[in-house]
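Shown next, in structure tokens, is the structure this report addresses.
The values are calculated or read from the model by the stated rules, or taken from the named source; none is laboratory data. This one's a predicted model, so the numbers in the text were calculated from it and none came from an experiment. For neighbour counting, all protein chains shown are included, and Cβ atoms are generated from backbone atoms with ideal geometry for every residue, glycine included. Note: areas computed on protein heavy atoms with side chains; ligands, DNA, RNA excluded. Shrake-Rupley method; radii C 1.70, N 1.55, O 1.52, S 1.80 Å.
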Amino acid sequence: MKQAPKHPVRLERQGSIALIVIENPPVNALGGAVRRGIAAALSAAEANPLVTAIVICANGRTFPAGADIREFNQPAQEPGLGQLCTMIETCSKPVVAALHGTALGGGLELAMGAHFRIASTDARVGLPEINLGILPGAGGTQRLPRLVGAELAMDMMLAGAPVSAGIAAEMGLIDRVTGGDLREAAVAFARELSMPHPTAEQRGQFSDANAYMAATKARRAELKQTGQASRAALKIIDCVEAALLVPIETGLEMERAAFEECLRSPESQGMRHAFFAERAAAKFPEDAPPRDISRIGIVGGGMMGAGIAIACLQRGFDVTLVEQGESGVNTALERIGTHYERAIAKGRLSEAQGAAALTHLQLTTKLDTLGDADVIIEAVGEDEELKLRILKEIGDQARQGAVLATNTSYLDLMRLAQATGRPNDTVGLHFFAPAQVNKLVEVAVHDDADASAVSTAQALVKRLGKVAVRAKVSSGVGAGYIGNRVLEAYRLAADILLEEGATPQQIDTAMRGFGFKMGPYQVADMSGLDIAHARRQSSPRDADARYVEIADKIVAQGWLGQKTHRGYYVYPEGARDGVPNGDVLKLIAAHRAENGITEQSFTEAEIRDTLLLTMVNAGAQLLTEGVAARPGDVDTVMIHGFGYPRSRGGPMFEADTTTPALIMRRLEALQAQAPNLWTPAPLLRELARERRKFADLN
Ligand code: 3H9
């Protein structure tokens, strides 16, 4: 974040209207200097007898997008945001907040402190604090229910997702929406306001407390059932309850205490780390300007290719999707069509919007239609021969200057890039399934990639609303980018525990208890055991590397997971949740007997610690090799790509709750059992020697 300007708030006048203008790029976060500036300007405007009303607005891309999150770890500065909101609310002159961009968190709370709110049509407003493990702490939990009613307020804060100005106006949160010049409209609005303005207590919309209590009972149960009953969520419900029952001053005190408790919680620290890690990951060393992008070519309309096409259509790109033969085209069209039908049925899109999106899609069997595409993404199956052939054809058809990308997750990028005949223009774009939903894309960069090709790929990911993480790969360095390398290590460690005495259920339960939605064997069943099997078979392996054959033996039985109703679990027809597969347990027991392995027992804590330790070591290895640039990049990939609990910040963040020296010692105790997995990475040794932590490298 850039240094805040010295005077981030200006007081201007338009006749009898005072304008308090905030200017604190990039997102006008409400840091100490901004708060002091607003407070001083407000006092001056209130004291000036020539001023009849006040407008608070912002320059730049947005009305404040929240409190300054970076200040949360620093000593408090006066005035607090809560105090400032109360100052605005109790101002003797009417105050209008003029919202544009993304008025989020403390920004929206500031606006709710004002007596009226006007927003530009394209503004979005919301209270996303829950995504940082906290609750609104500057009066949001008390003022929002008074403006829109308790249930809507609770839903909005629990979802943490912004809504459009139009919806906010329907809710009663925004008084006016303007398609014209916001500041002019706000001043005109303020001129109308010589009448007395409402205090918080006088605002309408008091919900029926009994109805709310009944609704919250159901909501609390639902949150518990879906594993979303976080500290912040429960506190939000309590504070809204208080808004219905006690005077605002008491409610604000209660909110403050709840906010402080959440702010100090480990889950908020983890989520705040994840927030900044994502943004740091998106910064690449390549500073060449990106090339123009308007049409995306995609080759391959399977689950992945179709998902990428939807992701591009959702963001307004023109898409040409190439499939083999008429049946390939029809299947791809069906996949994409079904997605839009569901979105329309669920009310996420209107029929007209769905139809309009599809007019940007061209489906064809002809690769030579890709000549006008600005970026062409190869998304055929993970088969090297096939990819080499398709990439050569893409290279033959693409126009000069187009960026070419392969969606491989572990094949040799350099070899694939060379197949195009223009390796400089080629990068890896590793989307994660389902690509229309998952926010992560690994941008794989090889030694010969041109900086502007990389910047273009990075810009594309950003325009898709996704999180880009750069993975630097060189021939000969381990297969896979960041995520799959950590995942392979995690799986091998789990398989070793399985071989030595744990059951798939024990391992899955331990990892769910840690916060993963699914354990490694549930994930394996869902993805299909044949996929990982094929990868193991095609990857080169040292003869002395520890290898566990259990998964291969299960595949040999034809048990491939959910798709065959049998894998580590058995899935009765139509069921998504499996029950333990007794035959697999017998197969594992026979495997142990055959190999003379004496069964050991493991506690859940031992299982969890071993698997976490393994992920940290794999992450440290990637940092040593330079594949990942920052520990936070590994965290970002693991959170978005593999369901690592966001509230824990990621494996490298978690590793800093202990010391590199301790991690090394524990790895050294395991090393002899599987040197390929548990030999401490050189970076760990270095950090231990220098008594530094991973956070020092971010
Ligand atoms: C809160 O308000 C608590 C209150 O209830 C109570 C207080 C008492 N602070 O995302 P971008 C930086 S909690 C500091 O790439 P975009 C960000 O790190 C807050 N910095 O842009 C990045 O910096 P850099 C509730 C912030 O256009 C730069 O701005 N609000 C903050 O893709 C650009 O960010 C939120 O949770 C911040 N609040 O998206 C909203 N926000 O260039 C959090 C951003 O150095 N923010 N930065 O890497 C967002 O969701 C997105 O940033 C936003 C823009 C949608 C606004």
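Looking at the range 39-80, which of its residues are hydroxyl-bearing (Ser, Thr, Tyr), open to solvent by 30 Å² or more (accessible area, probe 1.4 Å) and either within 12 Å of the ligand (Cβ to nearest atom) or in a loop (DSSP other than H, G, I, E, B) (or both)? Lay out the reasoning, then the answer.
We begin by selecting, within the range 39-80, every residue hydroxyl-bearing (Ser, Thr, Tyr); these are 43, 52, 62.
Applying the additional criterion that residues be open to solvent by 30 Å² or more (accessible area, probe 1.4 Å) yields 43, 52.
The answer is Thr52, and nothing else.
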Number of the condition not met by Leu613 [criteria: (1) at positive phi; (2) out of contact with any Phe, Trp or Tyr (no Cβ under 6 Å at 6 or more places or on another chain)]:
(1)
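Among what's in the range 180-196 and is in a loop (DSSP other than H, G, I, E, B) and at pLDDT 65 or above, pick the residue that is nearest to Pro145 (Cα to Cα).
Checked the range 180-196; the qualifying residue nearest to Pro145 (Cα to Cα) is Leu193.
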Would it be correct to say that Ala161 is within 13 Å of the ligand (Cβ to nearest atom), surrounded by fewer than 24 Cβ atoms within 10 Å (Cβ to Cβ) and among the hydrophobic types (A, V, I, L, M, F, W, C)?
yes
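Do you know which residues across the range 626-650 are part of a helix (DSSP H, G or I), modelled with pLDDT of 95 or more and either over 23 Å from Thr679 (Cβ atoms) or more than 16 Å from the chain's Cα centre (by Cα) (or both)? Before you say what the answer is, go through the steps one by one.
So the first thing to find is which residues in the range 626-650 are part of a helix (DSSP H, G or I), and the list is 631-642, 646-648.
Among the residues that remain, those that are also modelled with pLDDT of 95 or more are: 631-640, 646-648.
Pro631, Gly632, Thr636, Ile639, His640, Arg646, Ser647, Arg648, listed by residue number.
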On the basis of being aliphatic (A, V, I, L, M), assigned by TED's automatic domain parsing to the domain that holds Ala221, surrounded by fewer than 20 Cβ atoms within 10 Å (Cβ to Cβ) and touching a Pro at 6+ places or on another chain (Cβ under 9 Å), does Ala153 make the cut?
no
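Identify all residues within the range 135-157 that are assigned to a helix (DSSP H, G or I), touching a strand residue (DSSP E or B) at 6+ places or on another chain (Cβ under 8 Å) and within 22 Å of Asp68 (Cβ to Cβ); write none if there are none. Outline the logic, then answer.
Of all residues in the range 135-157, those assigned to a helix (DSSP H, G or I) come to 140-148, 150-157.
Filter once more, keeping what is touching a strand residue (DSSP E or B) at 6+ places or on another chain (Cβ under 8 Å): 156.
Selection gives nothing.
This table checks each residue for (1) in contact (Cβ under 8 Å) with a residue 24 or more places away in the chain; (2) of a type in the set (A, V, I, L, M); (3) open to solvent by less than 30 Å² (accessible area, probe 1.4 Å).
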site	(1), (2), (3)
Thr338	no, no, no
Arg342	no, no, no
Ser350	no, no, no
Gln353	no, no, no
His360	yes, no, no
Val403	yes, yes, yes
Asn424	yes, no, no
Would you mention how many residues in the range 397-435 are in a helix (DSSP H, G or I) and either out of contact with any helix residue (DSSP H, G or I) (no Cβ under 8 Å at 6 or more places or on another chain) or among the small types (Gly, Ala, Ser) (or both)?
4
Looking at the range 595-609, is at least one residue open to solvent by less than 30 Å² (accessible area, probe 1.4 Å), under 30 Å from Ala695 (Cα atoms) and part of a helix (DSSP H, G or I)?
yes
Residue list for the range 90-148, restricted to those being open to solvent by 10 Å² or more (accessible area, probe 1.4 Å), under 22 Å from Gly179 (Cβ atoms) and within 9 Å of the ligand (Cβ to nearest atom):
Gly101, Thr102, Leu104, Arg124
Total residues in the range 221-262, condition under 24 Å from Glu654 (Cβ atoms), open to solvent by 20 Å² or more (accessible area, probe 1.4 Å) and of a type in the set (A, V, I, L, M)
2
What are the residues in the range 248-279 that are within 12 Å of the ligand (Cβ to nearest atom), touching a residue at least 60 places away in the same chain (Cβ under 8 Å) and more than 16 Å from Asn73 (Cβ to Cβ), if any?
Leu252, Glu255, Arg256, Ala258, Glu278
Quick check, is Asp552 without any contact (Cβ under 8 Å) to a residue 24 or more places away in the chain, closer than 26 Å to Gly643 by Cα and either out of contact with any Leu (no Cβ under 6 Å at 6 or more places or on another chain) or loosely packed, with under 13 Cβ neighbours inside 10 Å (or both)?
yes
Odd one out for Gln353, checked against (1) assigned to a helix (DSSP H, G or I); (2) more than 26 Å from the chain's Cα centre (by Cα); (3) of a type in the set (S, T, N, Q)
(2)
Among the residues of the range 295-306, is there at least one that is away from the ligand (no atom under 16 Å from the Cβ), under 22 Å from Val454 (Cα atoms) and part of a helix (DSSP H, G or I)?
yes
